[in-house]
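This report concerns only the one structure given below.
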Amino acid sequence: MADEATATSLPPVAATEEGRRDQPTRRTTGSLTRRMIGIAALWIFILLVGGGLALDRVLNSAITRNFDAQLEYVMTAMIASSEIGPDGEVFFNRPLGDQRFLEPSSGLYYQVSGKGHEPFRSRSLWDRALATGPSGPDSNVHVYDSREFPGETLRVLERDVRLPGSPTLWRFQVAQVRSGLDDQIGVLRHTLVRSFVILGLGLFVIAALQATFGLWPLRRVRREIALVRTGALSRVDARLPVEVAPMVEELNALLAHNEKQAEEARRHAGNLAHALKTPLTVIMNEATARSPDLAETVIREATTMRRQVDHHLARARAVGRRGSAQSYAEVWPSLKAVERAVSRLYRHVTVDIAGDKDAAVHVERQDLDELLGNLVENAAKYGGGRVFVTVRREAGFVEFLIEDDGPGIPPEMSQKIFERGARLDTGKPGTGLGLAIVRDVVEIYGGTISLEESEDLGGMCARLRLPAASSPP
């Protein structure tokens, strides 16, 4: 009593926490939202880095080409204004327009040099000279970077030209400090990095919002499932996207299936209790009255109760397996086993089997044996000595015709005979549960059973149809 008082006095929060502790630990593979955001972030990072590097390379090359084009323009002007004086030295017939050539160490220089001649240099070089290598094999413009002056990195353009009236191969050189070019590239890269960082953050936020709101219907489904579990709702009926709706439909179908099974379980439990109540009452009355035939009464009523229990256990087993794609049984081995068993019980009866030996059905082997055993045994018990079983496939079903040469049954009894306890011949032992079990199990597996008149033998014909199976699972 103390334990009950303690349990009932627990507050709702404590009870909820206790229920959560009783639940099994959830095994997950991580957050789907984080996974989607992570994949999007990685892809955004790869694209932005790759695109940024490519764009940096293109713009860097464009700025450098523009810088070199300005130097090449100066060299073209130098060559156009060059002449050879009476002493064989080169000079400009007009001054170059850039004032920086006249300012010492201005960062812009030119030099014309030839073998055996004093270099003709800009005043900006002052007492320095540009380094000259060996003459090239062509007259093309060559561009390179040079660190020949301390503290200055030069961008140098040079070209070998043979001027009219001079046998000397003159080397024209224009050089400019790279600091201006490097500053432009630095500003460009800073702008690129800042822009791509802002773009990346924006894309990441968009990806996060897309993942969060894209998966929002799943969170809504989760909340409604929680309401279904607590009993506030019976179905998940929220309006959902087309990608999620099929899953919810299957979930609702599963809920309906579970409700149907629960209702069947309650109904069968009630039927079993009702079926056992009468035999138990009889036994109690006989025992209370100290009846002299108590032993026979107990045996008779216990047999009835055992058949009732077998009936409901057969239904429960079939319901538990219903709809299973794994249910598979070959027909012919089951029929042969039933034939051997019936032949031993009824030695005067001849059982003949014919038809499709390769047929199979979506039924558990144990249930198939029980179905065929009941039907063939009834035909042997109530027939005249001959039982004929035919197997054939028809429109997705396997059809069994179990015929006997007995008296048959009246047409008005063809449905009533399937009721529990219904019997036509009370002179033979039995409880009338065999055909009731057959009907219930057949309906659970999606088949049909009917009783007709046999055209060949003149007795009863039981027509059993079960879903066909093409191959083992």
Problem - the range 55-163 - Debye-derived log10 I(q)/I(0), Cα point model, q = 0.12, 0.13 Å⁻¹ - result: -0.45, -0.53
Problem - Phi to ³J(HN,Hα) by Karplus 6.51 cos²θ - 1.76 cosθ + 1.60 over the range 343-356, Hz, x for Gly, Pro - result: 5, 6, 6, 10, 5, 7, 9, 9, 10, 10, 10, 8, x, 6
Handout entry: Linear extension gain, ARG35 paired with GLU453, 0.36 nm per residue minus alpha-carbon span
Key = 143.8 nm
Completion exercise
Listed by chain and number, the residues whose amide H is under 5 Å from that of SER454, excluding neighbours fewer than 5 places away on the same chain and using placed H, are GLY459, MET460, CYS461
Fill in the blank from the handout: Share of accessible surface on carbon and sulfur in the range 24-157, whole %, 1.4 Å probe and ligands ignored, is 57
Problem - Dipole magnitude of the range 54-124, debye to nearest 20 (Cβ charges: Lys/Arg +1, Asp/Glu -1, about Cα centre) - result: 160
Handout entry: Spacing of the two label points (7 Å from each Cα toward its C-beta) at LEU218 and ALA341, in nm
Key = 5.0
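Semi-axes of the equivalent ellipsoid of the range 103-231: what are they in whole Å, largest first, if each equals the square root of 5 times a C-alpha gyration tensor eigenvalue?
68, 16, 9
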Practice task
Counting residues in the range 193-277 as N, plug N into 2.2 N^0.38 Å and put the Cα Rg over that result.
Solution key: 1.91
Handout entry: Residues VAL244 and ALA80, FRET efficiency given R0 of 60 Å [Cβ-Cβ distance, rounded to 0.05]
Key = 0.20
Problem - Hz values of 3J(HN,Hα) by residue in the range 456-466 - Karplus curve (6.51, -1.76, 1.60), Gly and Pro given as x - result: 8, 9, x, x, 8, 10, 8, 9, 10, 10, 10
Handout entry: Solvent-accessible area per residue for the range 28-169 (1.4 angstrom probe, square angstrom)
Key = 62
Practice task
Mind checking the full-extension length gain between HIS257 and PHE45? Use 0.36 nm per residue of separation minus the Cα-Cα distance, one decimal, nm.
Solution key: 71.5 nm
Practice task
Provide the convex hull volume over Cα atoms per residue for the range 95-151, in Å³.
Solution key: 119
Practice task
Multiply the residue separation of THR303 and LEU102 by 0.36 nm, subtract the distance between their alpha-carbon atoms, and state the gained length in nm to one decimal.
Solution key: 59.6 nm
Fill in the blank from the handout: Taking a crude spin-label model, label points 7 Å out from Cα along the C-beta direction, the ASN66 to ALA54 distance in nm is 2.2
Completion exercise
Here the relative contact order (percent) of the range 52-171, from C-alpha pairs under 8 Å and at least 6 apart, is 20
Problem - Translational diffusion of the range 34-85, µm² s⁻¹ [Kirkwood Rh, Cα pairs; Stokes-Einstein; 37 °C; 0.692 mPa s] - result: 224
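The values are calculated or read from the model by the stated rules, or taken from the named source; none is laboratory data. Please read all numbers here as calculations on a predicted model, not as lab measurements. Virtual Cβ from ideal backbone geometry, glycine too; neighbours counted across all protein chains shown. Note: accessible area is taken over every heavy atom of the protein model, side chains too, but ligands, DNA and RNA are not part of it. Shrake-Rupley method; radii C 1.70, N 1.55, O 1.52, S 1.80 Å.
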